[in-house]
Amino acid sequence: MLTEKFITLGITGGIAAYKAAELASTLTQAGAEVHVIMTRAAQKFIRPITFQALTGQPVHTAMFTRLTGWRVAHVDLATRSDLIVIVPATANILGKLAHGIADDLLSTTLLAATCLVLLCPAMNTGMYQNPIVQANINRLKELGYCIIEPATGWLACGQEGPGRLPALDLIFNQIKDLLIKISDWQGLTVMVTAGGTKEPLDPIRHISNRSSGKMGYALARAALKRGAQVILISAPTGMSPPAGAKVIWVERAREMYEQVLTHASKADVVFKAAAVADYSPRFTANQKIKKKDEVYLLELEKTPDILFELGQRKQPHQILVGFAAETENLEENARRKLAQKNLDLIVANDVTQPGSEFGQDTNIVKIIYPDGKIISLPQMEKTVLAHHILDLVLPLRLKK
Ligand code: C5P
């Protein structure tokens, strides 16, 4: 699966360092050539010999050792790597990388690298939530480094909170996702709606909701990566849409309705991830509404249910996937929507549950089928979840 891939696995000095041993083994078993770099602190937690045995390669620990011929270790590993993955990434290595500090083999290799870099932070909650660490993480994300957010749970320091190394299968899946170019969605046209619609009251105010658009954009990006043509119908989100998508910007539910219906016949699969306002002001004032009376009554009218309309007109080859963000009776509400809107699948999440609130990078979802089957997925990055959803939808499409 990962044959001919050269992976440098960087290990820094956190208690989760022992988990990197299993990852080294999994990557090696998947066919990758794995070279391990350990920082000095990492070697306090786990010995290099473990990694040498698991990968069948020498472990790199020192800056000033010569490799074969004229090559120096950091440049050699940096140029040969298809991917560098840091497990665990301590606050220290994140800080050094974010500020261009290169004072050991790992940090020097990272600076010399032009390949994909995946960082898996794991540390005490206080350190992780420290604004300095958060600013470093944000800077690294902006610079194009891939970062898997830590999981929440029991930490070695005795606290509960964010900071745990995410499950190794999530890290492994992310590595596969970064390294394997699959085009199993080639030939399919996917329509994605994303973001929260805005319903204007006057030229200044609007009614909207707290949708970030992250799930829809992640789906669009994943589908593009897997070879699909993507039509992204987006309400304002403040994010840049993925390159390669045909983007149609809309603001109101009514505009989204018109654009979706205009383009629907081209779509093989529709992901209706947008949070569409259910009601819109009956009248939009031309001028700013002035404050006057103590009570201001707003008259709202129902917006068209876009997904319901699509369900009514569904063509035999089409797959419709809906989303349900609920605050109570998750399964019951989601099942009802699935049936009412004639969907092939619904992705439901409880927005009151930590890890799946609005605006976050992660989600915890249940995927519900028309026959009642439910797949409950653990908390994961929306970017990873998008691929899980595509994996589940593809067989439905092939059955049609
Ligand atoms: O009925 P509810 O709005 O909760 O259903 C959520 C699903 O329906 C989402 O997939 C959303 O994009 C879609 N929807 C729609 N048009 C609306 C309201 C919701 O397409 N007016």
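The values are calculated or read from the model by the stated rules, or taken from the named source; none is laboratory data. Fair warning: this is a prediction, and the values are worked out from it, not measured in the lab. Cβ: placed from backbone, ideal geometry, glycine included. Neighbour counts: every protein chain shown. The protein model used for the area step is the full one, side chains on, heavy atoms only, and it has no ligands, DNA or RNA in it. Shrake-Rupley method; radii C 1.70, N 1.55, O 1.52, S 1.80 Å.
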Name the residues in the stretch 188-213 that are part of a loop (DSSP other than H, G, I, E, B) and open to solvent by 50 Å² or more (accessible area, probe 1.4 Å), would you? Lys198, Pro203, Ile204, Arg205, Ser208, Asn209, Arg210
In the stretch 229-272, residues that are at pLDDT 95 or above and within 18 Å of the chain's Cα centre (by Cα) total 5
So which residues in the stretch 183-211 are more than 16 Å from the ligand (Cβ to nearest atom) and either within 28 Å of Lys314 (Cα to Cα) or under 17 Å from the mean Cα position of the chain (by Cα) (or both), if there are any at all? Ser183, Asp184, Trp185, Gln186, Gly187, Leu188, Thr189
Subset of the stretch 226-247 (residues that are surrounded by fewer than 19 Cβ atoms within 10 Å (Cβ to Cβ) and among the basic types (Lys, Arg)): Lys246
For Phe64, state whether it is open to solvent by less than 10 Å² (accessible area, probe 1.4 Å), of a type in the set (Phe, Trp, Tyr) and either assigned to a helix (DSSP H, G or I) or in the same structural domain as Ile137 (by TED's automatic domain parsing) (or both). no
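For Leu143, are the conditions met, namely being open to solvent by 50 Å² or more (accessible area, probe 1.4 Å) and either among the hydrophobic types (A, V, I, L, M, F, W, C) or out of contact with any His (no Cβ under 8 Å at 6 or more places or on another chain) (or both)?
Against the criterion (open to solvent by 50 Å² or more (accessible area, probe 1.4 Å) and either among the hydrophobic types (A, V, I, L, M, F, W, C) or out of contact with any His (no Cβ under 8 Å at 6 or more places or on another chain) (or both)), Leu143 qualifies.
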Mind telling me which of the residues Asp293, Asp305 ends up being over 26 Å from the mean Cα position of the chain (by Cα) and within 16 Å of the ligand (Cβ to nearest atom)? Asp305
Which of the residues belonging to the stretch 28-58 are open to solvent by less than 30 Å² (accessible area, probe 1.4 Å) and in contact with a helix residue (DSSP H, G or I) (Cβ under 7 Å, 6 or more places away or on another chain)? Val34, His35, Val36, Ile37, Met38, Thr39, Ala42, Ile46, Phe51, Thr55
Here is a list of conditions, (1) over 30 Å from Thr303 (Cβ atoms); (2) of a type in the set (Lys, Arg); (3) not in a loop (DSSP other than H, G, I, E, B), and Arg221 meets all of them except one; can you say which number that is? (1)
Report every pair of residues separated by at least 6 positions or lying on different chains whose Cβ atoms are under 9 Å apart, first residue within the stretch 46-58 and in the same structural domain as Ala32 (by TED's automatic domain parsing), second assigned to a loop (DSSP other than H, G, I, E, B) and open to solvent by 50 Å² or more (accessible area, probe 1.4 Å). Pro48/Pro58; Pro48/Thr61; Gln52/Pro58
Requiring at least 3 residues that are within 11 Å of the ligand (Cβ to nearest atom), the strands (runs of 3 or more DSSP E) wholly within the stretch 322-376 are 345-350
Inside the stretch 248-267, can you point out the residues that are open to solvent by less than 60 Å² (accessible area, probe 1.4 Å), closer than 21 Å to Arg282 by Cα and either in a loop (DSSP other than H, G, I, E, B) or not assigned by TED's automatic domain parsing to the domain that holds Gln315 (or both)? Val250
Go through the stretch 268-291 and give me each residue that's in contact with a Lys or Arg (Cβ under 7 Å, 6 or more places away or on another chain), assigned to a strand (DSSP E or B) and closer than 19 Å to Val230 by Cα. Val269
Tally time: how many residues in the stretch 293-316 are in a loop (DSSP other than H, G, I, E, B) and touching a helix residue (DSSP H, G or I) at 6+ places or on another chain (Cβ under 8 Å)? 4
